[in-house]
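The values are calculated or read from the model by the stated rules, or taken from the named source; none is laboratory data. As the structure is a prediction and not an experimental result, all values here were calculated from the model. We place every Cβ from the backbone using ideal geometry, glycine too, and count neighbours over all the protein chains shown. SASA here: full protein model, heavy atoms, side chains in, ligands and nucleic acids out. Shrake-Rupley method; radii C 1.70, N 1.55, O 1.52, S 1.80 Å.
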Amino acid sequence: MLLESFNPIVCLHISSTMLDFLIDGLLIIIVLITFFSIRTLRGKQFYKLLVNNSLSGFCIVQKNRFVFMNRHFANMLGYKVDEIVGQPVSKFVVDSDIEKLEENIHNQLNHKRKAYSVSHYKGIHKEGHTVYIDFVGTSMIYKGSPAIIGTAIDVTERRQIEKLKEKLVYFDAFSNLPNFHFLEKKVSERMEASNAPFAFLVIRINNLRSIESTYGYKICQELLKSLIHRVKGSLGPSDVIVRHMDNKLLILLPQADLAMGEAIAQMLISEFNKPIKVENSILQLSSNIGICLYPETRTLSELIENGLMALRKSREKGINHYLVFSDEIRGLIEQENVIERDLSKAIANNELRVYYQPKVDLLSGEISGFEALMRWQHPIFGFIPPDVFIPIAERSGLIMAISEWLLREVCLVLNQWRQDAKNHSIRISINLSPLQMLQPELVQSIKNVITETGCDPFLLEFEITESFALEKSLAVEKLSEFKRMGIHISLDDFGTGYSSLSQINDLPLDKIKIDQSFIRNRFADLEGRMIISTILAMAKGLQLIVVAEGVETIEQLIFLQENGCDEAQGYLFSRPRPLEEILKGKAAIEKIVHNYGRARLSNLSIKPKLDL
């Protein structure tokens, strides 16, 4: 007998949820059988007809082998019935499901598993692909021995739809990375699972936008895909990487403590810095990373916020650095936020000041020009140095407003000097940051100020950074516009970046300024002096005026004179001061070159004491 001890009354108590899995009416089949004696020939034939033509898979398992199976179940797996009956059940499921399958069979037969419980298995189709199967079974006696009778449905298509839905909900279409919703889910699960520490990284890809502007969108996107593939290969299986905005990545390291988080951050910085070939271009990226830890940070929004704060401060150290979030960083950021808020009102409140530092002609000893430097007299904090508030101004977008104010003040001073026979030819320089140079309205803004003030643009000089000069096409375009206006151009801080004089030869420059780090830190060693001499010689060959910054000793002054340097700027002559103070001490400043330049060796260590 096929179902000699099967109790149809039990079947009537199957829940409505179970009916969803017996979708083609297996329950109805069993109930109908109760109206026929399956011991009669007519009953057996009717039962066999129903079971074999059922749209659900139907089977009996005994001693871990299939002993009965209908056609539909066999078709699910791509076999004929006689190819499966008699075979071990484990042969038709993936290896990772075998232990679960054998445990379920054992528990079902020993009444340790609830009747009609649903099991989910990944079956192996005859052609090798995976078939997702939901199986519902209960124990019975079949031919005198314990067995399991059950029905199965192929849910492969449903699982594929669920996976597609999950991908749409939890994955980024471009990068195929998990998205923010997935990260939120995983962070929540990790926090609920354990209070053990884990690390969270916020990564900024620094030069992605400049690469896009130079090489185009397509190349940039291919570069990003290659980078993401490289990063994923460097992380563990439980780590989650998510794209955040255009140039940031968020990484959850659920198994990492602080030491491991720092090690991974350093490894990722190295990976980011390796060249990547995209089509015919070899491209290189840089990065910065902010690290924060759970349980010091308790929510995902706080993890991101604190990670961004650490990232922001790491960038102040330069590219390819990481920083771990701390309360000290929070305090600094909060102070910067106060500065940013107050800086927006500094012009209206008349809190900004212009200080001037003279540049001295090393041949005549006369002041040949001034560099205009901004200072901020804060009503509470006192004088705030430019290296504190200028980066904040750049980040907040206030740099354009305060730079326009500075230009206007300088233009007004130059207008006053126009009537002064002693100062009428002295040029004043202003620093322009790379961020300013990228602003499309910069040129028009400068033209407006010059027109409004009536300033002679020939007496203006703009100092640009080496990093902007390397953006060749953009730099030539912008600088040429300045030159057409009559403004002089100086390359500031030469030697701090990666440019050489040959790389900047095409730019419309009038001067280069040797960075003060060479004069201050490298002058004492022979190699440093040789570098300075080489720069001076090459600049002369390009007919560029050379200004040395950071000159503090007479020995430096004489060396620069002997190697043909044109101008010098530094504390030997004067600190940056208000213009009226500088002009009062102008005569004393202009005596320094004559009194101490080319002095005898015995006097080299003597430093003039000037009351300026």
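Kindly evaluate residue 446 against the criterion of being over 19 Å from residue 351 (Cβ atoms), in a helix (DSSP H, G or I) and either open to solvent by less than 10 Å² (accessible area, probe 1.4 Å) or in contact with a Gly (Cβ under 6 Å, 6 or more places away or on another chain) (or both). So residue 446 fits the description; yes.
Where in region 79-166 are the strands (runs of 3 or more DSSP E), entirely inside, with at least 2 residues that are out of contact with any helix residue (DSSP H, G or I) (no Cβ under 9 Å at 6 or more places or on another chain)? Fully inside region 79-166 and qualifying: 130-142, 145-154. Within region 416-439, the set of residues being open to solvent by 40 Å² or more (accessible area, probe 1.4 Å) and outside any strand (DSSP E or B) comprises 416, 418, 419, 420, 421, 422, 424, 425, 434, 435, 438, 439. Considering the conditions (1) farther than 17 Å from residue 156 by Cα; (2) of a type in the set (D, E, K, R); (3) surrounded by fewer than 16 Cβ atoms within 10 Å (Cβ to Cβ), residue 113 is excluded by exactly one of them, (3).
Condition check for residue 212 on (1) in a strand (DSSP E or B); (2) in contact with a helix residue (DSSP H, G or I) (Cβ under 7 Å, 6 or more places away or on another chain); (3) not hydrophobic (A, V, I, L, M, F, W, C): one failure, at (1).
Count of region 449-491 residues, restricted to those that are in a helix (DSSP H, G or I), touching a Gly at 6+ places or on another chain (Cβ under 9 Å) and open to solvent by 40 Å² or more (accessible area, probe 1.4 Å), is 2.
Against the test of being open to solvent by 20 Å² or more (accessible area, probe 1.4 Å), part of a loop (DSSP other than H, G, I, E, B) and out of contact with any strand residue (DSSP E or B) (no Cβ under 6 Å at 6 or more places or on another chain), the options 552, 580 yield a single qualifying residue, 552. Residues considered: 262, 279. Of these, the only one that is of a type outside the set (A, V, I, L, M) and over 22 Å from residue 221 (Cβ atoms) is 262. One residue stands out among those in region 303-333 that are open to solvent by 60 Å² or more (accessible area, probe 1.4 Å) and over 22 Å from the mean Cα position of the chain (by Cα): the one that is farthest from residue 403 (Cα to Cα), which is 327. Checked against (1) small (Gly, Ala, Ser); (2) open to solvent by less than 10 Å² (accessible area, probe 1.4 Å); (3) under 29 Å from residue 313 (Cβ atoms); (4) out of contact with any strand residue (DSSP E or B) (no Cβ under 8 Å at 6 or more places or on another chain), residue 365 passes all but a single condition, namely (3).
The residues on offer are 101, 49, and the sole one that is more than 60 Å from the chain's Cα centre (by Cα) and at pLDDT 50 or above is 49.
Which residues, counting only those in region 355-392, are assigned to a strand (DSSP E or B), of a type outside the set (D, E, K, R), under 17 Å from residue 586 (Cβ atoms) and in contact (Cβ under 8 Å) with a residue 60 or more places away in the chain?
Looking only at region 355-392, we keep the residues that are assigned to a strand (DSSP E or B), and these are 355-361, 367-378, 382-384.
Next, only the ones that are of a type outside the set (D, E, K, R) stay: 355-358, 360, 367-370, 372-374, 376-378, 382-384.
Cutting the leftovers down to under 17 Å from residue 586 (Cβ atoms) gives us 355-358, 360, 367-370, 372.
If the condition is that a residue be assigned to a strand (DSSP E or B), of a type outside the set (D, E, K, R), under 17 Å from residue 586 (Cβ atoms) and in contact (Cβ under 8 Å) with a residue 60 or more places away in the chain, then 355, 356, 357, 358, 360, 367, 368, 369, 370 are the ones that fit.
Between a first residue in region 256-274 that is closer than 16 Å to residue 229 by Cα and hydrophobic (A, V, I, L, M, F, W, C) and a second residue that is assigned to a helix (DSSP H, G or I) and open to solvent by 10 Å² or more (accessible area, probe 1.4 Å), which pairs have beta carbons less than 7 Å apart while being 6 or more apart in sequence or on different chains? Listed pairs, sorted by first residue: 267/234; 268/234.
Do the conditions hold for residue 572, that is, is it open to solvent by less than 40 Å² (accessible area, probe 1.4 Å) and in a helix (DSSP H, G or I)? Steps first, answer last, please.
On the way: open to solvent by less than 40 Å² (accessible area, probe 1.4 Å): yes; in a helix (DSSP H, G or I): no.
The answer is no for residue 572.
In this structure, residue 218 does not satisfy being open to solvent by 60 Å² or more (accessible area, probe 1.4 Å), assigned to a strand (DSSP E or B) and basic (Lys, Arg). Any residue at all in region 52-64 that is modelled with pLDDT under 90, in a helix (DSSP H, G or I) and either open to solvent by less than 30 Å² (accessible area, probe 1.4 Å) or not hydroxyl-bearing (Ser, Thr, Tyr) (or both)? Checked against the condition, which is being modelled with pLDDT under 90, in a helix (DSSP H, G or I) and either open to solvent by less than 30 Å² (accessible area, probe 1.4 Å) or not hydroxyl-bearing (Ser, Thr, Tyr) (or both), region 52-64 yields at least one hit. Of note, residue 389 satisfies the criterion of being among the aromatic types (Phe, Trp, Tyr) and surrounded by 14 or more Cβ atoms within 10 Å (Cβ to Cβ). Would you be able to say whether some residue in region 393-413 is more than 39 Å from the chain's Cα centre (by Cα) and open to solvent by 10 Å² or more (accessible area, probe 1.4 Å)? Yes, region 393-413 contains at least one residue that is more than 39 Å from the chain's Cα centre (by Cα) and open to solvent by 10 Å² or more (accessible area, probe 1.4 Å). Restricting the search to strands (runs of 3 or more DSSP E) fully inside region 229-302 and requiring at least 3 residues that are touching a Gly at 6+ places or on another chain (Cβ under 6 Å) and open to solvent by less than 50 Å² (accessible area, probe 1.4 Å) gives 287-294.
Among the residues making up region 418-470, those that are charged (D, E, K, R), touching a strand residue (DSSP E or B) at 6+ places or on another chain (Cβ under 9 Å) and at pLDDT 90 or above are 427, 461, 463.
Evaluating residue 138 against the criteria (1) open to solvent by less than 50 Å² (accessible area, probe 1.4 Å); (2) modelled with pLDDT of 90 or more; (3) under 15 Å from residue 57 (Cα atoms) leaves one unmet condition, (2).
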